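Participant: Right, I'll just put the structure down here and ask away after.
The values are calculated or read from the model by the stated rules, or taken from the named source; none is laboratory data. Bear in mind the structure is a predicted one, so any value in this text is a computation, not a measurement. With ideal geometry, Cβ positions are generated from the backbone for all residues, glycine too; neighbour counts draw on all protein chains shown.
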Amino acid sequence: MRETMITMEAVAGKRDEMILVIDDHPLFCEALQMTLSEALGTARIETASSLGKALERIRAGLEVDAIVLDLNLPDVAGLDGLTRLRNAAPGVPVIVVSSMSEDRIITAVLHAGAAGFVPKHSPREAFVTAIRAAGQGGIYLPQGYTAPSKTTDTDGERSTIDRLNDLTPQQGRILALVCEGYLNKQIAYELSISETTVKAHVTAILRKLGAQSRTQAVRIANSVSFAQLLRDKGTP
């Protein structure tokens, strides 16, 4: 992973970008929308108030160049939202924003494949820099971030993230639908594939996750929580 601090002067903004902001706070969405529109010129900024609504739009054909994701959404469990977004939009950089900015959380987010992390209290320039960095394939790290040493990493958390990241994009999409309560027949219809293919993918998903059932697979997918990370760190 190339973790590079990128300044405003080091990157140039892209034009005609489509950026999707996923956040359930209208004031924050409006402020970020104005900030990015002004800084990026002709960029189009779309918003979604939940992960579910964002996924619906992406599955319906919305093409985006970058995604800004608030992890503290009503329908997001820890890193599960980031994983589902990356599976729904392979190759699209996802910049995470959150009011929780502990180093351990940032590390977990980056390890899960985020293109950067911006604390919500950051100045507006940080959000613009993160978008521009992601557009050039870089990773934005907030000032003051220090990667925890290997001896302090949470092995269980890392293992779960690794197993989830080992899924193919199609398997990730299927797991996301399983987490939403879809049956095999419904998944087959949603993804325009046969029910036999769905069953084969589910079997592969269970094997990769080390799960014995769909219910256990859902629990594994939802287990990557920041609450657990904070408890491991010693936060009450």
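Participant: Residues to consider are Val202, Val198; find the one that is in a helix (DSSP H, G or I), in contact with a helix residue (DSSP H, G or I) (Cβ under 6 Å, 6 or more places away or on another chain) and modelled with pLDDT of 85 or more.
Facilitator: That would be Val198, the only listed residue that is in a helix (DSSP H, G or I), in contact with a helix residue (DSSP H, G or I) (Cβ under 6 Å, 6 or more places away or on another chain) and modelled with pLDDT of 85 or more.
Participant: Check Asp103 against each of (1) surrounded by fewer than 20 Cβ atoms within 10 Å (Cβ to Cβ); (2) touching a residue at least 40 places away in the same chain (Cβ under 8 Å); (3) touching a strand residue (DSSP E or B) at 6+ places or on another chain (Cβ under 9 Å) and name the one condition it does not meet.
Facilitator: (3)
Participant: Just wondering, is there one or more residues in segment 111-119 that are without any contact (Cβ under 8 Å) to a residue 12 or more places away in the chain and either surrounded by fewer than 20 Cβ atoms within 10 Å (Cβ to Cβ) or not assigned by TED's automatic domain parsing to the domain that holds Asn165 (or both)?
Facilitator: no
Participant: Still on this model: Restricting to segment 106-120, name every residue that is touching a strand residue (DSSP E or B) at 6+ places or on another chain (Cβ under 6 Å) and part of a loop (DSSP other than H, G, I, E, B).
Facilitator: Hits for segment 106-120 are Ala114, Ala115, Lys120.
Participant: Looking at Ala54, Ala66 in this structure, which one is within 14 Å of Ala176 (Cα to Cα) and surrounded by 23 or more Cβ atoms within 10 Å (Cβ to Cβ)?
Facilitator: Of Ala54, Ala66, the one residue that is within 14 Å of Ala176 (Cα to Cα) and surrounded by 23 or more Cβ atoms within 10 Å (Cβ to Cβ) is Ala54.
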